[in-house]
Amino acid sequence: MRSLTVGCSPVKRRTVVAVTAAPATPANPFDLTGQVALITGGNSGIGLGMAEALVTAGAGVAIWGTNATKNAAAVERLRSLGGRAEAWICDVGEEAEVEAAFASTLETFG
């Protein structure tokens with residue numbers, strides 16, 4: 001599993017992408033078909049940009065954010081790119097919310 005911190009803001013929110021990828025092939029080095037990425041704060045800014053790139057590469061994307069309207073808009077955008085995307089309301093500063101969102105994400109994406 002690879003983990004990459006993509007961005008960090010003064011309010012201590014960060015976007016983290018965790019991807020378990022199959023070996024890339026020379027013909028398509030960025031093929032993430034069958035993989036799932038979880039992006040906290042993925043409903044706008046850098047997080048949404050990463051989500052768009054991952055969906056374009058074939059990954060399913062799980063977005064955790066605290067704004068339901070922005071989450072819905074992000075999911076709509078990602079699906080318009082042809083990808084599988086779902087979003088959850090989750091404040092990563094609250095352990096119980098993280099545990100519940102993680103369980104739901106695993107249930108949805110397997």
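The values are calculated or read from the model by the stated rules, or taken from the named source; none is laboratory data. All values derive from a computational prediction rather than experimental measurement. Here Cβ is always computed from backbone atoms with ideal geometry, including for glycine, and neighbour counts include all displayed protein chains. In case anyone asks, the SASA skips ligands and DNA or RNA and just uses the protein heavy atoms, side chains included. Shrake-Rupley method; radii C 1.70, N 1.55, O 1.52, S 1.80 Å.
Comparison of Gly58, Gly82 shows that the only residue that is touching a helix residue (DSSP H, G or I) at 6+ places or on another chain (Cβ under 9 Å), on the phi > 0 side of the Ramachandran plot and part of a loop (DSSP other than H, G, I, E, B) is Gly82.
Restricting to the range 74-92, and then to whatever is among the small types (Gly, Ala, Ser) and open to solvent by less than 60 Å² (accessible area, probe 1.4 Å), can you tell me which residue is modelled with the lowest pLDDT?
Restricting attention to the range 74-92, the residues satisfying the condition of being among the small types (Gly, Ala, Ser) are 74, 80, 82-83, 85, 87.
Still in the list and also open to solvent by less than 60 Å² (accessible area, probe 1.4 Å): 74, 83, 85, 87.
Details: Ala74: 98, Gly83: 93, Ala85: 98, Ala87: 98.
Top of the filtered list is Gly83.
Of the residues that make up the range 25-35, is at least one open to solvent by 60 Å² or more (accessible area, probe 1.4 Å), modelled with pLDDT under 95 and not in a loop (DSSP other than H, G, I, E, B)? I'd like the intermediate steps shown before the answer.
Start the filter on the range 25-35 by keeping residues that are open to solvent by 60 Å² or more (accessible area, probe 1.4 Å), which leaves 25-31, 33-34.
Checking the rest, the ones that are also modelled with pLDDT under 95 come to 25-31, 33-34.
Right, trim to not in a loop (DSSP other than H, G, I, E, B) and you get 25, 28.
Looking through the range 25-35, at least one residue is open to solvent by 60 Å² or more (accessible area, probe 1.4 Å), modelled with pLDDT under 95 and not in a loop (DSSP other than H, G, I, E, B).
Against the list (1) outside any strand (DSSP E or B); (2) more than 25 Å from Phe30 (Cα to Cα), the condition Trp88 fails is (1).
For the subset of the range 31-50 comprising residues that are within 17 Å of Thr108 (Cα to Cα) and free of Cβ contacts under 8 Å to residues at least 40 places away in the same chain, which member is nearest to the chain's Cα centre (by Cα)? Steps first, please.
Applying the first criterion (within 17 Å of Thr108 (Cα to Cα)) to the range 31-50 yields 33-40.
Remaining after also requiring free of Cβ contacts under 8 Å to residues at least 40 places away in the same chain: 33-35, 37, 39.
Numbers: Thr33: 14, Gly34: 14, Gln35: 11, Ala37: 5, Ile39: 3 Å.
The extreme case among them is Ile39.
Which of the residues that make up the range 51-73 are touching a residue at least 24 places away in the same chain (Cβ under 8 Å) and either hydroxyl-bearing (Ser, Thr, Tyr) or open to solvent by 40 Å² or more (accessible area, probe 1.4 Å) (or both)?
Here is the first cut: in the range 51-73, the residues touching a residue at least 24 places away in the same chain (Cβ under 8 Å) are 51-52, 54-67, 70-71, 73.
Passing the criteria: Glu52, Thr56, Thr66, Asn67, Lys70, Ala73.
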